[in-house]
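Working notes for the structure below.
The values are calculated or read from the model by the stated rules, or taken from the named source; none is laboratory data. Because the structure is a prediction, the values reported are computed rather than measured. When we count neighbours, we look across all protein chains shown, and the Cβ atoms used for this are built from the backbone with ideal geometry, even at glycine.
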Amino acid sequence: MNERKTTAAGPRRKPVQSRSWQTSLAIQDAFVQLLVESEYDQITIRDIVMVAGVALGSFYEYFTSKEELARTCVHFRSKRILKTLEQSRADAAGSPMVQGVERALQALVDMVMDDHARWGQHFLLERLHSPLAQYRADYARFTFQWKSLLAASSDWPTGRDAQRPALTLSMLVYGVLAHTALSDERTLDKDDLCQQLRLAVTSYLAAWP
């Protein structure tokens, strides 16, 4: 049976109320759950609403297509990375640089490793469905948080621009997170992974001119 289609460019409804928000999240969660078990092209909207436990019409209240649902899932996972960095920056404000950086690294590795399979799907969806402009905008936000974390450290040199090291940290950490999420979880040791990432980042910062 053919799935219903629409030509609308954006979501039909923004989930504002608590119940509506829960419905949207249930659809997103069901989609990611199915992605862990099946290939993207094999998943239908009917599969998604069946797992979510909602009516087919409810899907189209929030999403115009499976592709838009994919972009929404990427958006919310990216916001989780951003919020984790923001919280780490706030918690480490006024602390030595290494302490703040290590706090952020631990929080990010925990976040990915504790939900490994779903984060793997996030990075796959991002590659396939995230517009380049959105990807660049998200990446700039991540870099800004690293820059703010460095600049707020008690031992950061006064007046020194943190943009360049922040960009390098953002590239390095994001690359490791993506590779980790896409790797076989059985081959990974979270503590060792975090230690190796700390070593790479702190060594770079110590050697940065």
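With the structure loaded, tell me whether A70 is surrounded by 21 or more Cβ atoms within 10 Å (Cβ to Cβ) and in a helix (DSSP H, G or I) or whether it fails that test. Against the criterion (surrounded by 21 or more Cβ atoms within 10 Å (Cβ to Cβ) and in a helix (DSSP H, G or I)), A70 qualifies. Tallying residues that are over 23 Å from H116 (Cβ atoms) and of a type outside the set (D, E, K, R) within the range 19-58 yields 15. In the range 136-158, is there at least one residue being over 14 Å from the mean Cα position of the chain (by Cα) and under 24 Å from I43 (Cα atoms)? No, there is no match, as no residue in the range 136-158 is over 14 Å from the mean Cα position of the chain (by Cα) and under 24 Å from I43 (Cα atoms). When S203, S148 are screened for being polar (S, T, N, Q), surrounded by 15 or more Cβ atoms within 10 Å (Cβ to Cβ), outside the structural domain of V32 (by TED's automatic domain parsing) and part of a helix (DSSP H, G or I), only S148 passes.
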